[in-house]
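Notes for the one structure printed next.
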Amino acid sequence: MESIMVIVAGVVALAIGIILGKLIFAKNTQIKIQEAEEKASRIVEEGRVSAENLKKDRLLEAKEKFLQLKSEHEKEVMQRNQKISESENRIKQKEQGLNQKNEQLQKQVTENEAIKENLARQIELVNIKRTELEKHQEEHIRRLEKVAGLTAEEARNQLVESLKEEARSQALSHIQEIIEDAKTKANKEAKKIIIQSIQRTAAEQTIENAITVFNLESDEIKGQIIGREGRNIRAIEAATGVDLIVDDTPEAIVLSSFDPLRREIARLSLQRLVQDGRIHPARIEEVVEKTKRQLEEQVMEIGERTVIEMGIHGLHKELVRMVGKMRFRSSYGQNLLMHSKETANLCAVMAAELGLNPKLAKRAGLLHDIGKVPDEESELSHALLGAKLAEKYGEHPAIVNAIGAHHDEMEMSYVISPIVQACDAISGARPGARREIMQSYLQRIKDLENLAMNYDGVEKAYAIQAGRELRVIVESEKVTDNDADRLSFEIANKIQNDMQYPGQIKVTVIRERRAVNVAR
């Protein structure tokens with residue numbers, strides 16, 4: 001029982017404690033709610049106050065921004081008004097200027113009308129005076145015709161003729177000056193190119209040969225070569241076309257001919273006959289024919305070697321053979337092949353200096369004299385014949401023209417033609433290139449002097465410097481200074497058109513007047 005009471009008492013006490021705890025917790029909760037409500041009311045109040053302050057600040061900022069925008073707008077309006085006023089002022093000034101110009105134009109129109117009226121009156125006066133002047137001039141011409149005994153047409157013709165003569169004299173003088181000036185300017189570059197071309201090309205001295213000396217081991221062989229009653233030597237001469245001169249020269253026979261190819265055939269044939277020992281007419285003819293065939297092969301080899309050396313390709317076999325034949329031809333003692341090779345090298349250098357095709361120019365230079373070695377005789381000149389052969393064997397038209405025109409026998413139509421002509425003249429006219437035959441040299445000198453003596457007023461004429469200069473002395477009473485200029489020009493043209501000569505010839509006309517008195 002007591003234990004039950006104790007338990008009940010404990011339960012009661014526990015229940016009372018729980019109830020008291022709940023009461024205390026409810027009271028605390030109420031207190032916290034009140035505190036929270038107070039705190040919330042304070043926060044609301046503070047938010048309201050801060051919101052009112054923020055509202056006031058925003059209103060102030062908006063008001064300041066409005067005032068600022070308003071002031072800027074007013075400023076822009078003032079600037080626009082100012083610009084408008086300035087534009088109006090400028091327009092007013094332009095209107096005033098236009099009004100002034102309009103007034104000036106009106107004044108000018110009025111003045112021009114007055115000037116026109118004045119000019120019309122002056123023109124009428126001038127026409128009247130012109131009519132009177134024409135009448136006076138006609139009267140004056142009639143009086144002059146009576147006094148001079150000439151009509152106006154005759155006097156005009158005489159005046160025109162005198163003016164023509166004076167103009168012709170002055171024109172010749174000016175032409176001479178222009179030619180000299182052009183030569184001075186053009187020759188600078190031309191001399192440079194020519195000198196460079198000559199310096200780059202090797203040259204040889206020319207020795208004129210018309211004979212070949214055939215050496216023998218002993219003089220006993222001379223008798224075998226002559227043969228019984230001279231039949232062997234006659235057979236050799238008939239087969240080769242070469243004269244054999246057997247004289248007292250020890251151990252030597254002279255082969256004489258102007259054809260180097262024939263001399264070479266005779267020399268080789270004699271060499272074989274002497275080595276063989278059998279010398280009789282039938283054997284001579286056989287050896288000569290065999291030598292001709294072998295020499296023909298040698299000619300072909302020389303031509304092929306030459307074109308390979310010169311770097312020329314695609315040449316027709318006949319042209320190659322003609323190039324080889326040039327080895328056995330000469331002109332005034334100058335070997336034709338060496339002259340052609342020298343001309344080809346000069347052409348290549350000069351064409352390269354002028355920016356042209358050097359290979360084409362070299363080919364034309366090598367072939368320019370092939371007309372001198374034809375297989376058959378022709379009435380054509382060697383230049384025209386060479387052009388015909390080059391065209392026949394398919395050479396370029398520029399090469400054909402250069403060959404045919406290098407002696408002015410064909411019109412030059414390609415740029416390399418004058419180059420080939422100039423290089424041919426350089427190779428032929430340089431010192432040591434040729435040995436001219438004395439008779440033709442003397443004849444050329446004589447022709448030069450006679451050509452100058454055919455002109456009126458020429459007293460003496462002298463060809464000096466180996467025919468490179470012609471000095472003409474004229475009579476001062478018959479030839480004036482202007483006539484001397486004209487005479488020099490005409491003689492130079494006459495020489496250029498009528499004569500053939502290497503290089504160039506300078507014509508100098510000398511007019512000298514002497515006044516001589518003796519003091520006693």
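Every number here is computed from the coordinates shown, using simple stated rules; none is lab data. A quick note: this is a predicted structure, and the numbers were derived from the prediction, not measured. Note that we place each Cβ from the backbone using ideal geometry, even for glycine, and neighbour counts take in every protein chain shown.
Overview of results
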read-out	value
Residues with amide H under 5 Å from that of Glu459, placed H, sequence gap 5 or more	Ile473, Val474, Glu475
³J(HN,Hα) computed for each position of region 418-425 - Karplus, 6.51 cos²θ - 1.76 cosθ + 1.60, integer Hz, glycine/proline x	x, 5, 4, 5, 5, 5, 5, 5
Cβ-placed point charges (K, R +1; D, E -1), dipole of region 57-151 about Cα centre in debye, nearest 20	80 debye
Which listed pairs, of Lys362/Lys506; Lys478/Lys506; Lys129/Lys164; Lys164/Lys478; Lys341/Lys392; Lys292/Lys392, have C-alpha distances above 28 Å, in listed order	Lys362/Lys506; Lys129/Lys164
Furthest towards positive pole of dipole, Gln443, Gln224, Asn401, structure part the chain, Cβ charges	Asn401
Measure of compaction for the chain (Cα Rg per 2.2 N^0.38 Å)	2.55
Glu180-Arg272 pseudo-label distance in nm [points 7 Å out on the Cα-to-Cβ vector]	6.5 nm
Long-range HN-HN contacts of Gln334 with modeled amide H, under 5 Å	Arg435
Total charge dipole magnitude, the chain, about the Cα centre, Cβ charges on Lys, Arg, Asp, Glu only, Debye to nearest 20	2080 debye
Glu111 paired with Glu139, simple spin-label distance in nm, labels 7 Å along Cα-to-beta-carbon	4.2 nm
All-pairs alpha carbon distance profile, region 53-176, 10 Å steps from 0, percent	9, 11, 10, 11, 10, 9, 8, 7, 6, 6, 5, 4, 1, 0
3J(HN,Hα) from dihedral phi, region 287-304, Karplus parametrisation 6.51/-1.76/1.60, rounded to Hz, x for glycine, proline	5, 5, 4, 5, 5, 4, 5, 5, 5, 5, 5, 5, 4, 5, 5, 4, x, 5
Listed residue (Ala425, Pro281, Ile491) projecting farthest to the positive dipole end of the chain, Cβ model	Ala425
Percent breakdown of C-alpha pair distances by 5 Å bin, ordered from the shortest bin, for region 438-511	3, 17, 32, 24, 14, 7, 2, 1
Placed amide H near Val507: partners under 5 Å, 5+ positions off or other chain	Leu470
